[in-house]
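Reviewing the structure listed below.
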Amino acid sequence: MADVRPPAPGSVLVSDWHRCKESKEFFNKILHKKMRKNFGLLESPVMPPQVAVDTVHYKIFISGKSGVGKTALAARLAGLSIPNLHYETTGIETSVVYWPVKLKDSGRVLFFRLQLWDCGENALRRFDHLLPSCKEQVDAVLFLFSFTDRTSFDDLSNQIAKWMVPPVSPVVKLVVGTKFDLFMHCDVAERDVKLFQERWRLPLLRVGGEVGDGLGDIAPVLNCLAEQLWHQDCVTAGSAGIHTQETETLL
């Protein structure tokens, strides 16, 4: 099966639903005193019995050169503390993210459970079994580069090409540029980013180093990822349109 073409932003999910009053009941289940709750592998948000919400599960692999911010992004998305100093991830680290969304066509609410897999670049080179473990039953890949590291941007094409060769199953591909707010140290020009997007036709998001105290700084990444994943599932199920009755078997 060929890779699924990314949907137009906002065509699948209600954009900025986290800002709507009706969403508070759901987002309160992933917050505690306005801070993100940390969920273990066996934990999940608990909704009242009268509120039926299905949960869809996905495995996400974070790819990128050492130092681009893979561990920091995983921590930010999961609501964990971001390390002050850079250290090389010695093996595989996983974290769990819960994110509620509202489907645009049906108005149905879903909880996305995203298990993030982060593995150090040097560990992947030293131990042959780590990358196959990361790739096994993976649903999406986040390709990271740093706006302060030109070599990480130049390496993107090689990384993406490895996921284009059969027998790799179709996966959602999303590019994230980190350290976007460090303008004085920027090594990647906007014209180069534009040329890259024209070539690969992949969604590209920008993330800065500053962390906000709300959901606004992570919502663009999580909404985009959820939208791509749900669209791919619907296409895989044989429906290019997002219709709930045709995707019940996915849940």
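The values are calculated or read from the model by the stated rules, or taken from the named source; none is laboratory data. None of the values given here were measured: they were computed from a predicted structure. Heads up, the Cβs are rebuilt from the backbone with ideal geometry, glycines too, and the neighbour counts pull from every protein chain shown.
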Does Ser44 fit the bill of being in a loop (DSSP other than H, G, I, E, B) and of a type outside the set (A, V, I, L, M)?
yes
Matching residues, the stretch 116-132, being touching a helix residue (DSSP H, G or I) at 6+ places or on another chain (Cβ under 6 Å) and at pLDDT 70 or above:
Leu116, Trp117, Asp118, Cys119, Leu130, Leu131
Among the residues of the stretch 43-65, is any within 19 Å of Phe147 (Cα to Cα) and hydroxyl-bearing (Ser, Thr, Tyr)?
yes
Residues of the stretch 158-183 classified as polar (S, T, N, Q) and farther than 13 Å from Gly64 by Cβ, total:
1
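Kindly evaluate Ser11 against the criterion of being in a loop (DSSP other than H, G, I, E, B), at pLDDT 90 or above and of a type in the set (S, T, N, Q). Step through it out loud before you land on a result.
Working: in a loop (DSSP other than H, G, I, E, B): yes; at pLDDT 90 or above: yes; of a type in the set (S, T, N, Q): yes.
The answer is yes for Ser11.
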Residue match in the stretch 78-93 (condition: crowded, with 16+ Cβ neighbours inside 10 Å, modelled with pLDDT of 90 or more, out of contact with any helix residue (DSSP H, G or I) (no Cβ under 8 Å at 6 or more places or on another chain) and not in a loop (DSSP other than H, G, I, E, B))
yes
